[in-house]
Every structure is written in structure tokens, then in C-alpha cells.
1. At least 2 residues that are of a type in the set (A, V, I, L, M, F, W, C) and either within 31 Å of the chain's Cα centre (by Cα) or at negative phi (or both) in each: list the strands (runs of 3 or more DSSP E) lying fully within the range 1-46 that qualify.
2. For the range 17-28, give me the residue count where each residue is touching a residue at least 24 places away in the same chain (Cβ under 8 Å) and of a type in the set (D, E, K, R).
3. Looking at (1) surrounded by fewer than 10 Cβ atoms within 10 Å (Cβ to Cβ); (2) modelled with pLDDT under 90; (3) in a loop (DSSP other than H, G, I, E, B), which one does Ser71 not meet, given that it meets all the others?
Amino acid sequence: MKVYTYSTARARLSSVLEESKTEEIIIKRRKGELYAVTPKTAFLRSPFDIPSSGLKTNVTADDIVGMVRESRERPYKTRRPSRKAKGAS
């Protein structure tokens, strides 16, 4: 464990952060407050990312294209019923 004063840690921040990867680093302020520096692993991935191994399916590109075409051919349902003009029969 290494203890640095706030001023020293600030002046050598880059090297202090690198050292924190291998050992515990403590930063001490004048009033006696202590702070621990610990590295965290970054979450650079989206929770929706597919693992590099990919998905294992039997679906081919032609199957996907067929499904998309089929979905485009379906008639759309309207959300509201059409309104008739007043007085029209």
C-alpha cells in the first residue's frame, strides 16, 4: 500500500492511476481525510450487444429476406375506424 499526499497525487496523477492497477493507493488530505484509488473495469458494451461468438441459428439470409417481404405485404390495420361525414348515407 502506498500513501500519497493530495498535492503529490495531483502532480503525478497518471502514474498514481497506473500504480493503482497493481497495488492499493491511498491519498491523504491535510485534514486527515483518506481516499482509496481503485481501478474499475469499463462497461464499453451495450447490454444489447451480441457476443463475438454470435447467435447460433438455422435461419439463412434468404429466410430473413422472405420474412421481411412477407411482413411488408400484409395489410395494415387502422387504429381508428373511419368516420362518416354527418348527414351522409
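The values are calculated or read from the model by the stated rules, or taken from the named source; none is laboratory data. Model, not experiment: these values are computed from the prediction. So basically every Cβ, Gly included, is an ideal-geometry build from the backbone, and we count neighbours across all protein chains shown.
1. Of the strands (runs of 3 or more DSSP E) lying wholly inside the range 1-46, those with at least 2 residues that are of a type in the set (A, V, I, L, M, F, W, C) and either within 31 Å of the chain's Cα centre (by Cα) or at negative phi (or both) span 25-28, 34-37.
2. Selection size over the range 17-28: 1.
3. (3)
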